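The structure appears right after this line, and notes come after that.
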Amino acid sequence: MSVPLKSMSSEKKCVVLGVTGGIAAYKACEILRLLQKQGMDVFVVMTGNACRFVAPLTFETLSGHPVAVDTFERPATWEVEHISLAKRADLFLIAPATANIIGKMACGIADDMLSTTVMATRAPVMIAPAMNTGMWENPATQQNIATLIARGVHVVAPATGHLACGDSGAGKLEDVAVIAQRALDVLRARRDMEGLRVMVTAGPSREALDPVRYVSNRSSGKMGYAIARAAAQRGAQVTLLSGPVSIAAPQGVRLVRFTTTQELLDRAMECAPEQDILIQAAAPADYRAKEIAPQKIKKRGGEELVLRLIENPDVAATLGRAKREGQVFVGFAAETNDVTAHARDKLVRKSLDMIVANDVTKPGAGFDVDTNIVTLITREGERELPLMTKEEAAEHILTRALELRLAR
C-alpha cells in the first residue's frame, strides 16, 4: 500500500460500495477492507457483470452484509432494498466505475440495482473510473464526467500506466489507498460555511457589435463554478452569477445569468448587500462598442473596419466601493506579465481583501483547462500554490477567505 490512511475519529458511518464489471473489480475488496479499518460499515451493490469477475460471496464475507445485485430479488427483510441502501449511505462510492455506469449516471438511466440505488441516494457520490485508455479519452466519456462533476459528484481520476488489455495510458484504477482516503475526506468534509451567504461570479461577458458578432474573452467559467460548488458543499448559501458558459450549474446554488458587463454589475449590486463573502471570478469585458450596428456588418471591398469602443464600468471597483463592514471581497487577476505587481495594484485600487493571481501563460494555468496555478495575495502576505485542480484551488481560496472573515 503506497499511501498511508489518516485516521478518522467519529461515529460509525455507512459507505455503500458499488462494484461494476471491469477487471479492476477485485481491487474493490481491498477498498472495502481499508474503509472497514477506519470504522466504516460497508454495504456492497454489484452489477451483474461485476459478478463475473468477483463472486458476491467474497464481498458478503468481507462486509458481513448481503450483497445487492438483483433489483427484483426478494430481500431477507421487507423493505425496498435499493431505497433502503440509498437512505442508509453516508457516502456512495463506485469503484471501479465503468464507462457504462458513468454514462447511465450522466443521462439519468436507472435499469439495474446499482444505477437505481445511486439515483435514489441523497448522500455524496464518488466514482473511481477504470477502463481502456480509448474509452476514457472518448469525448462521450469526458462529457459524461464533466456533467457528473458539475452535479457535485466526486471523481477520483484514473492513473496512467500499463492496463490489463495490454495498452498503456490513462484509465488504470487509482491506487486503492488513494481512493479510500478520498472517500474518508468526503465523509469528514467540512461544513464550516453553514449560515454564510456567498456570491460568486463566473464566466465571460459578451458585448454585441451587431446582431451576429460580439466582443468577449476566453474565460470558461470553470474556476468560478468550482468555487461555487465547493462553497455549497461546505454548507454556504450560494448565489452564482454566470456569464454564457457551457457548464451545468452546480446543485444547490441559486443561478443568476448575465450577458454583458453592465448586466453583471447590475445583478451583482442587487445581490451583494446581503452577502457575507463576495468572490468576483468572472471575466467582464473592459470595453464595449460605442454604437451597436442594427444590421450585420458587411465586408467593404478591402476597406478597413474601424470599431469605436468605450470603457465598461469596473465591476470589482464598484463592488469594492460599496462593500459593507464585515464583508470579505475576493477578486482575481489573470495576467500575462508582472503578475504580482499588477495583482497588488488591483488589490488596493479595487478595495479587495484578497486577490487570486495567476499567470495565464503558464502550462496548466491558462484558459479552459481543469487545473490552475495561483497565488493568494492579501495585504498581509502571499500564499503561492502549486499546480492543482481547480476544485482543489477552490478549497484553498474559500479557506483563506474564511480566515480573513474570522480575523475581523
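The values are calculated or read from the model by the stated rules, or taken from the named source; none is laboratory data. What you see is a predicted model, and the numbers here were worked out from it, not measured in a lab. Because the Cβ atoms are built from the backbone with ideal geometry, glycine has one as well, and the counts that use them run over all protein chains shown. Ligands, DNA and RNA are stripped out before the accessible areas are found, and what is left, the full protein with its side chains, is counted by its heavy atoms. Shrake-Rupley method; radii C 1.70, N 1.55, O 1.52, S 1.80 Å.
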Subject >> Selected residue [at pLDDT 95 or above, assigned to a helix (DSSP H, G or I) and either closer than 30 Å to residue 211 by Cβ or open to solvent by 70 Å² or more (accessible area, probe 1.4 Å) (or both)] from 344, 400 >> reply: 344
Subject >> segment 379-394 - residue that is outside any strand (DSSP E or B) and open to solvent by less than 50 Å² (accessible area, probe 1.4 Å) and, of those, modelled with the lowest pLDDT >> reply: 390
Subject >> Only one of 365, 357 that is in a loop (DSSP other than H, G, I, E, B), without any contact (Cβ under 8 Å) to a residue 40 or more places away in the chain and either aliphatic (A, V, I, L, M) or surrounded by 21 or more Cβ atoms within 10 Å (Cβ to Cβ) (or both) >> reply: 365
**OP:** Report yes if residue 183 is part of a loop (DSSP other than H, G, I, E, B) and of a type outside the set (Ser, Thr, Tyr), otherwise no.
**Re:** no
**OP:** Kindly indicate which of 264, 352, 309, 305 is modelled with pLDDT of 95 or more and open to solvent by 30 Å² or more (accessible area, probe 1.4 Å).
**Re:** 309
Subject >> Answer from 213, 190, 206, 197 - the residue that is within 17 Å of the chain's Cα centre (by Cα) and either of a type in the set (Phe, Trp, Tyr) or surrounded by fewer than 24 Cβ atoms within 10 Å (Cβ to Cβ) (or both) >> reply: 190
Original post:
Among the residues of segment 326-336, is there at least one that is farther than 25 Å from residue 314 by Cα and open to solvent by less than 50 Å² (accessible area, probe 1.4 Å)?
Top reply: no
Subject >> So residue 270, is it within 20 Å of residue 402 (Cβ to Cβ), in contact with a strand residue (DSSP E or B) (Cβ under 9 Å, 6 or more places away or on another chain) and surrounded by fewer than 18 Cβ atoms within 10 Å (Cβ to Cβ) >> reply: no
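Every residue, every condition in (1) open to solvent by less than 20 Å² (accessible area, probe 1.4 Å); (2) closer than 29 Å to residue 66 by Cα; (3) assigned to a loop (DSSP other than H, G, I, E, B); (4) touching a Gly at 6+ places or on another chain (Cβ under 8 Å), yes or no:
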site	(1), (2), (3), (4)
116	no, yes, no, no
126	yes, yes, no, no
142	no, no, no, no
149	no, no, no, no
160	no, no, no, yes
164	no, no, yes, no
174	no, yes, yes, no
